[in-house]
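First comes the structure, then the notes that go with it.
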Amino acid sequence: MNNERLTELAQIILKDNDAARRMEALLEIRRSDHPRVTELLHHVSQKDRDAAVRDLAANLHLKRTLDAPASVEQIVTEAGITVRETTRTPGWTCAACGAVGNTSATCRYCGAERPAPDVMVQVNNTVTPAQVSALSHNMLKPALLVGKGCVLLFFLPFILVGICTLVWSINEVVNFRQLSDYGVVADGVIEGRRMSEGDETTSYLIAYRFDHNGITYRSEQSVDWALYNGVEAGVPIQVLYLPGNPGVSRLAGQNEPPTFLFIFAIIWNVFVWIMVVGWFYGLRRGSQAVSRIASSGKYTES
């Protein structure tokens with residue numbers, strides 16, 4: 001469609017008094033791919049005095065896929081047509097009747113009051129590296145706390161076993177030294193014996209009793225197979241004990257230092273604490289790395 005025909009159709013649509021002719025012109029002009037046709041259709045759908053013409057223009061406008069131009073005035077300038085109002089007319093649009101171009105406090109058509117202006121809030125889109133670093137740290141802190149908590153829960157049983165074993169081994173070392181230095185021998189009696197079988201080892205235990213100041217004390221001790229196999233319940237046996245603390249006792253000749261238990265406790269605790277410290281150190285290094293990356297970037301919006 002050439003410019004002359006486009007101008008002629010625009011004159012008919014905007015100035016002709018016959019609604020039927022204006023509708024025919026709308027149906028023809030819709031075939032044009034001129035970018036200003038969309039704005040013309042929108043103007044007619046809002047301003048034409050005939051409801052049928054407005055409805056047709058509105059339907060045609062919806063089907064258009066091209067962006068609308070700035071105003072209808074530009075499409076009819078070449079035809080010498082003066083349009084009093086355009087879609088970009090200064091003023092405000094009435095929400096009640098849809099009239100545009102109002103400049104007073106009330107609508108000039110229906111008398112509705114002018115709506116209150118929208119409140120616009122200016123947002124600072126510039127974020128400094130220091131703010132990003134602090135934000136990254138605050139966001140990362142809960143995750144790090146959860147990570148540390150999970151690590152602590154995982155290692156807690158191993159830590160408790162190590163501490164208990166170490167305390168037990170130290171107590172056995174102290175008892176060994178005290179029995180060696182201050183222990184006395186008393187007559188006792190074998191009360192029984194039993195075997196304790198583990199996954200890969202078997203322990204041989206002998207239960208015995210002895211008297212001190214009219215009080216009977218009982219205890220049980222792990223021994224080797226030879227001693228276990230050579231005694232029976234009711235057989236007399238000598239017991240080494242502390243006079244000041246008769247609860248600490250050993251079978252005479254069986255007071256041996258807990259070397260294996262003490263070494264095992266030391267190795268266990270060293271290994272566990274190396275793992276714990278290494279894991280927490282790794283989490284700390286990761287946190288510091290994220291903070292460095294966050295603080296070194298440029299976080300300003302162009």
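Out of the residues in region 158-198 that are assigned to a helix (DSSP H, G or I) and among the polar types (S, T, N, Q), state the one that is nearest to PRO243 (Cα to Cα).
GLN178
Would you call ILE163 at pLDDT 90 or above and surrounded by 11 or more Cβ atoms within 10 Å (Cβ to Cβ)?
So ILE163 fits the description; yes.
Could you list, in sequence order, all residues of region 233-282 that are under 26 Å from CYS150 (Cβ atoms) and assigned by TED's automatic domain parsing to the domain that holds ILE215?
Passing the criteria: none in range.
For residues that are in a loop (DSSP other than H, G, I, E, B) and surrounded by 20 or more Cβ atoms within 10 Å (Cβ to Cβ), scanning just region 31-60, find the one that is modelled with the highest pLDDT.
Filtering region 31-60 for residues that are in a loop (DSSP other than H, G, I, E, B) and surrounded by 20 or more Cβ atoms within 10 Å (Cβ to Cβ), the one modelled with the highest pLDDT comes out as ASP48.
Could you run through region 166-181 and say how many residues are among the aromatic types (Phe, Trp, Tyr) and either surrounded by fewer than 13 Cβ atoms within 10 Å (Cβ to Cβ) or within 53 Å of the chain's Cα centre (by Cα) (or both)?
Of the residues in that region, 1 qualify.
Among GLY80, GLY91, which is at pLDDT below 80, closer than 15 Å to LEU9 by Cα, out of contact with any helix residue (DSSP H, G or I) (no Cβ under 6 Å at 6 or more places or on another chain) and of a type outside the set (Lys, Arg)?
Going through GLY80, GLY91 in turn, the sole match is GLY80.
At least 2 residues that are more than 58 Å from the chain's Cα centre (by Cα) and among the aliphatic types (A, V, I, L, M) in each: list the strands (runs of 3 or more DSSP E) lying fully within region 199-251 that qualify.
Correct list: 236-242.
The values are calculated or read from the model by the stated rules, or taken from the named source; none is laboratory data. All values derive from a computational prediction rather than experimental measurement. Quick reminder, even Gly has a Cβ in these numbers, built from the backbone with ideal geometry, and neighbours come from all protein chains shown.
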